[in-house]
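Asker: Encoded as structure tokens, here's the structure I'll be asking about.
The values are calculated or read from the model by the stated rules, or taken from the named source; none is laboratory data. The shown structure was predicted, so the numbers you read here are calculated from the model rather than taken from an experiment. A quick note on method: Cβ atoms are made from the backbone with ideal geometry, for glycine too, and the neighbour counts reach across all protein chains shown.
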Amino acid sequence: MTYVKVSLGLYRHSRSGLYYGFKKHKGKRHECSLRTTDRQIAERRLRTWIRDLETIDRELERTTLRQLIQKFVAANKAACLSDLTIEET
């Protein structure tokens, strides 16, 4: 993919015209499609994305796959039609 730099952290894909945000945060490079071809909308979404990137909930960031599966199973137990469809681990 070829990106054209528009402004600090804002790039436009040369073929599709979609805007992307790039930001280096805590030593890692993050990128996000801003899902628009309009520059003003892209700039607003970029500011929102950067703000959200810097305010990550540390507790959610440390969630393990096992914890995530347990939350998923607990949330979907009531949605099951039959006890036969529930498998205990």
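Asker: How many of the residues making up the stretch 36-89 are modelled with pLDDT of 80 or more and of a type in the set (Gly, Ala, Ser)?
Answerer: 3
Asker: Further question on the same structure: Being aliphatic (A, V, I, L, M) and within 19 Å of residue 4 (Cβ to Cβ) is the filter; apply it to the stretch 31-56 and report the residue that is farthest from the chain's Cα centre (by Cα). Give the steps one after another, and end with the answer.
Answerer: Let us first name the residues in the stretch 31-56 that are aliphatic (A, V, I, L, M), namely 34, 41-42, 46, 50, 53, 56.
Still in the running and within 19 Å of residue 4 (Cβ to Cβ): 34, 41-42, 46.
Numbers: 34: 11, 41: 18, 42: 16, 46: 13 Å.
Once the filter is applied, the top-ranked residue is 41.
Asker: If you don't mind, there's one more thing I want to ask. In the stretch 4-41, what residues are more than 18 Å from residue 52 (Cβ to Cβ) and not in a loop (DSSP other than H, G, I, E, B)?
Answerer: Scanning the stretch 4-41 gives 4, 5, 6, 7, 11, 12, 13, 39, 40.
Asker: Among the numbered conditions (1) touching a strand residue (DSSP E or B) at 6+ places or on another chain (Cβ under 7 Å); (2) modelled with pLDDT of 95 or more, tell me where residue 30 comes up short.
Answerer: (2)
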